1. Quick check: pseudo-label points 7 Å beyond the Cα along Cα→Cβ at N144 and R106, how many nm apart are they?
2. Could you give the nm distance between label points at R52 and R13, where each point is 7 Å from its Cα heading toward the beta carbon?
3. Could you give the length gained on full extension between R3 and Q36, defined as 0.36 nm per residue of separation minus the Cα-Cα distance, in nm?
4. With charges only on Cβ, +1 for K and R and -1 for D and E, what is the dipole size of the chain about its Cα centre, in debye, rounded to 20?
5. Search the structure for amide H atoms under 5 Å from the amide H of W37, placed 1.01 Å from N in the peptide plane, and list their residues when 5 or more places away or on another chain.
6. Which whole-number percent gives the relative contact order of the chain, counting Cα pairs below 8 Å spaced six or more residues apart?
7. What residues have an amide H closer than 5 Å to that of L127, excluding those fewer than 5 places away on the same chain, when H is modeled at 1.01 Å from N in the peptide plane?
8. Sorting check: for 134-142, 80-88, which peptide has the highest mean count of neighbouring beta carbons within 10 Å, and how do the rest follow?
Amino acid sequence: MTRRFLFVLGSARADGNSELLARRAAEQLSAEVEQQWISLAEYPLPDFVDRRHDSDHARPPADSATGLLLDATLAATDIVIVSPLYWYTVSALTKRYLDHWSGWLRTPGLDFKATLAGRTLWGVTALAHEEPEVADPLVGLLSNSAAYLRMRFGGVLLGNGSAPGDVLRDTEALARAKTFFAGQAPLARFPYETATA
């Protein structure tokens, strides 16, 4: 299967620091790798409504924002969550997208969990702190989501930047971006999972 990267842009601002860093990393992908970039600000999703105890979730229409994102997610071999660090985790736009995964897990005929199993989840974020550990909640959200879906977890590329374009001065982040997508990510595991799980 040809690798197909889906870059899910979760910033309310176009060309934000997280997106700039993700584009630097994506420049290193070979020409054979397909790339699709979707801005959640341009394709706003409705609030997620949890119906798991009332009825099945219906597949969203293909021409809706939700349907577009669902189809792009299912087609991707690699999903890259590109979100600024907001209150120590992903942006509200990004969280809404991930919340819709709960509905897609329960949509008859999708086999969402089985389809994503073995694929890779990555993260790219810019933060306005010198201490990278403030991004631990964001990293945990993505790594645990990958583990639940039996996906590979490629890790999170961190960059420093607050004002527009700041991340392009973070030479360490730009250096990491050159090799970020190069490795084979391991299957993610929940921290409390046993070796026989």
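1. Computed distance between label sites N144 and R106 equals 1.9 nm.
2. A separation of 3.6 nm, rounded to one decimal place.
3. That works out to 10.8 nm of additional length.
4. Taking the Cα centre of the chain as origin, the dipole is about 460 debye.
5. F7
6. Relative contact order of the chain: 26 percent.
7. Answer set, sorted by chain and number: G159, N160, G161.
8. 80-88, 134-142
Every read-out reported here was derived from the displayed coordinates using simple, explicitly stated rules and does not represent laboratory data. The model shown is predicted, which means the values in this text are computed figures rather than measured ones. Note that we place each Cβ from the backbone using ideal geometry, even for glycine, and neighbour counts take in every protein chain shown.
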